[in-house]
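The values are calculated or read from the model by the stated rules, or taken from the named source; none is laboratory data. Computed from a predicted model, the values in this text were never measured in an experiment. When we count neighbours, we look across all protein chains shown, and the Cβ atoms used for this are built from the backbone with ideal geometry, even at glycine.
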Amino acid sequence: MNRKIKIGTRDSDLALFQANYIKDQLKAVGVSCELKKIKTQGDEIQDIGFDKMEGKGFFTKELEKALLSKEIDLAVHSMKDMETTATRKLKIAAVSGREAPNDILVINTNAIDKGRRLLLKEKAIVGTSSSRRKSQMIAFRSDVIIKDLRGNVPTRIEKLRAGDYDAIIIAAAGVNRLELDLSDFHVEQLDPTEFVPAPAQGALACQIRKDDKWLDKKVEEINHVGTAVVCNLEREILNKFGGGCQTPIGVYCQQEEDEDEQMIYKVWTAKSKSAKIPPVVIYQESKSPQKVVDAIIQRHKSVKSSSVYITRDLRKDDFFKNVLEGNGYKVKGISLIDVRRLDFKDSIKDKKIEWVFFSSKQAVIHFFEQDPEMGPVKYAALGKATAGEMRKYGARAEFIGYSTDTRLTGRQFASTVTGVVLFPQARGSMRVIQQQFGNQEHVHDLIVYETLRKDIPDMPEADIILFTSPSNVIVYCNSKKLASNQRVIAMGNATGSELLRQGVEYYTLVNSFDDSGLAQAVFGM
């Protein structure tokens, strides 16, 4: 059949790029195409935020009407903009390969504060019209001022450049596709497992009429199966919550093979009651897509506020505290140990160090605060939080261990490095990472601090206790016996092992060492 199809698209730069991308892919499989520009409600109304507009499908309805009337044959959508309930007589025939799924925070250089979370200055004006982004931003930084931001991607960036905002939140995919120059800003990449993106963000959907069998068969040839699987799973969760594209829900799925080459579906969610309330964050994994969906929904429904004690001092910009208190939990945070810096300046002068590995924030602080003269070295970190602390001192981690199993991280790191590795650490460290090195001549320990027990007359009481280190476990259990009805969370295998030594048989391990992982563990209980 010699048939030329019409592709419907919005007329923004990004939408046209996306439509031309699909056009080129279809051309490669022998389908001739032309573009037809169509205005949508989301394009026409630019003076109010999406969360104040009535209805759903702001960027899709007009395209779908054109499909049904046969004005066009195929519509190209940003998949995240589509309703999860399919329009009768229409179907998604193909999904593109996924661009970067994460959001980015684009910051004017005069609004940077390296000592604050996300590097934003106090009470920065942040632009976004997404209720999902609003709710998550106030979880990270409750002091920021959220201001609605509309327009296509280049227009939003120009508003930032003009000084209307200190920072804006936009999808990385749009910037990448348009190859926009952001060199005059600081760009903070937001980790999708912490700042959870919209379901199917970064993917394109090709929508056609169900009865167009010829085009259905052709479009199937450009379908990216892996992207379709994870994006459909993300959208199914959104659908189960009854959400549309402006519901404050973030869902992100990764597929990974385990040691038996079986697929594991890992899912992160952030769901809020409104744009003004921090989200409940839940993590779940399963080998069954349906089981992971059902478990996510059930765990969100089962969240019940209670009291929580974490064995660290609460901080400024504390995501853990913000999301829990925002959802009715009572949170206490008191470290049971003090930290004292130990001088080391003369102990590394003559060492030929190639890597420096940090396993904690305290190691970072007490190493860099002594202004070490290291020369050219590479840096590694255990967890994103430790890597983030390094950035305050101008150091970037070239290796980050994400697993809460420190032995696994040690094996992964040891297998990738050569030369001597310096390990700044606490006195009496368990040295789990170092023990994974077959050649101990490549390991050089450096004591930079020690922990001391605090004098706390009354140990905090709570329904849930989250232990952040083995030292805190020892101090607590030497002073107080855990009640049988208290639920216990351990931050890492080493902390869990100490709980076992103290006679605590049942505890939950956090999924990751960052604040989001800690909060996920509490909400998941």
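See the values below:
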{"item": "Single match in Val225, Val229, Val251 (criterion: touching an Asp or Glu at 6+ places or on another chain (Cβ under 8 Å) and hydrophobic (A, V, I, L, M, F, W, C))", "result": "Val251"}
{"item": "Every pair of residues 6+ apart whose Cβ atoms lie under 7 Å, when the first sits in the range 458-485 and is basic (Lys, Arg) while the second is surrounded by fewer than 21 Cβ atoms within 10 Å (Cβ to Cβ) and assigned to a loop (DSSP other than H, G, I, E, B)", "result": "Lys480/Met459"}
{"item": "Residues within the range 299-309 that are in contact (Cβ under 8 Å) with a residue 24 or more places away in the chain and assigned to a loop (DSSP other than H, G, I, E, B), tallied", "result": "3"}
{"item": "Complete set of residues in the range 401-410 that are out of contact with any Ser or Thr (no Cβ under 8 Å at 6 or more places or on another chain) and either free of Cβ contacts under 8 Å to residues at least 60 places away in the same chain or of a type in the set (Val, Ile, Thr) (or both)", "result": "Leu408, Gly410"}
{"item": "Residue identified as buried (at least 23 other Cβ atoms within 10 Å of the Cβ) and in contact with a Lys or Arg (Cβ under 6 Å, 6 or more places away or on another chain) among Ile72, Ile125", "result": "Ile72"}
{"item": "Leu509 crowded, with 19+ Cβ neighbours inside 10 Å and of a type in the set (A, V, I, L, M)", "result": "no"}
{"item": "Residue count, the range 412-428 (criterion: surrounded by fewer than 21 Cβ atoms within 10 Å (Cβ to Cβ), within 29 Å of Ile337 (Cβ to Cβ) and among the small types (Gly, Ala, Ser))", "result": "2"}
{"item": "Every pair of residues 6+ apart whose Cβ atoms lie under 6 Å, when the first sits in the range 109-132 and is assigned by TED's automatic domain parsing to the domain that holds Phe185 and touching a residue at least 40 places away in the same chain (Cβ under 8 Å) while the second is of a type in the set (S, T, N, Q) and not in a helix (DSSP H, G or I)", "result": "Ser131/Gln246"}
{"item": "Helices (runs of 4 or more DSSP H) lying entirely in the range 131-192 (those with 3 or more residues that are within 24 Å of Leu324 (Cα to Cα), touching a helix residue (DSSP H, G or I) at 6+ places or on another chain (Cβ under 9 Å) and hydrophobic (A, V, I, L, M, F, W, C))", "result": "131-140"}
{"item": "Filter pass, Val175 being within 30 Å of Ala295 (Cα to Cα) and among the β-branched types (Val, Ile, Thr)", "result": "no"}
{"item": "Exclusive hit being assigned by TED's automatic domain parsing to the domain that holds Leu482 and surrounded by 21 or more Cβ atoms within 10 Å (Cβ to Cβ), set Val293, Val323, Val281", "result": "Val323"}
{"item": "Which listed residue, of Thr468, Thr508, is closer than 25 Å to Gly428 by Cβ and of a type in the set (Ser, Thr, Tyr)", "result": "Thr468"}
{"item": "Any chance Glu158 is surrounded by fewer than 15 Cβ atoms within 10 Å (Cβ to Cβ), over 19 Å from the mean Cα position of the chain (by Cα), modelled with pLDDT of 95 or more and under 30 Å from Lys70 (Cα atoms)", "result": "no"}
{"item": "Test: residue in the range 437-444 that is under 21 Å from Lys378 (Cβ atoms) and under 28 Å from the mean Cα position of the chain (by Cα)", "result": "no"}
{"item": "Residue identified as within 30 Å of Tyr329 (Cβ to Cβ), modelled with pLDDT of 95 or more and outside any helix (DSSP H, G or I) among Gly250, Gly244", "result": "Gly250"}
{"item": "Every pair of residues 6+ apart whose Cβ atoms lie under 9 Å, when the first sits in the range 83-96 and is at positive phi while the second is crowded, with 17+ Cβ neighbours inside 10 Å and part of a strand (DSSP E or B)", "result": "Lys89/Arg209"}
{"item": "Qualifying positions in the range 412-440 - closer than 19 Å to Pro470 by Cα and part of a helix (DSSP H, G or I)", "result": "Gln434, Gln435"}
{"item": "Test: residue in the range 96-114 that is more than 30 Å from Arg3 (Cα to Cα), touching a Lys or Arg at 6+ places or on another chain (Cβ under 7 Å) and surrounded by fewer than 17 Cβ atoms within 10 Å (Cβ to Cβ)", "result": "yes"}
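Quick grid of which residues meet (1) within 22 Å of the chain's Cα centre (by Cα); (2) basic (Lys, Arg); (3) under 21 Å from Asp405 (Cβ atoms); (4) modelled with pLDDT of 95 or more:
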position: Asp463; (1), (2), (3), (4): no, no, no, yes
position: Phe467; (1), (2), (3), (4): no, no, yes, yes
position: Ser479; (1), (2), (3), (4): no, no, no, no
position: Thr495; (1), (2), (3), (4): no, no, yes, no
position: Asp514; (1), (2), (3), (4): yes, no, yes, no
position: Gln520; (1), (2), (3), (4): yes, no, yes, yes
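Condition check ((1) within 30 Å of Ala519 (Cβ to Cβ); (2) in the same structural domain as Glu461 (by TED's automatic domain parsing); (3) within 30 Å of the chain's Cα centre (by Cα); (4) surrounded by fewer than 18 Cβ atoms within 10 Å (Cβ to Cβ)) across all residues:
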{"site": "Trp355", "(1), (2), (3), (4)": "no, no, yes, no"}
{"site": "Gln362", "(1), (2), (3), (4)": "yes, no, yes, no"}
{"site": "Pro372", "(1), (2), (3), (4)": "no, no, no, no"}
{"site": "Arg396", "(1), (2), (3), (4)": "yes, no, yes, yes"}
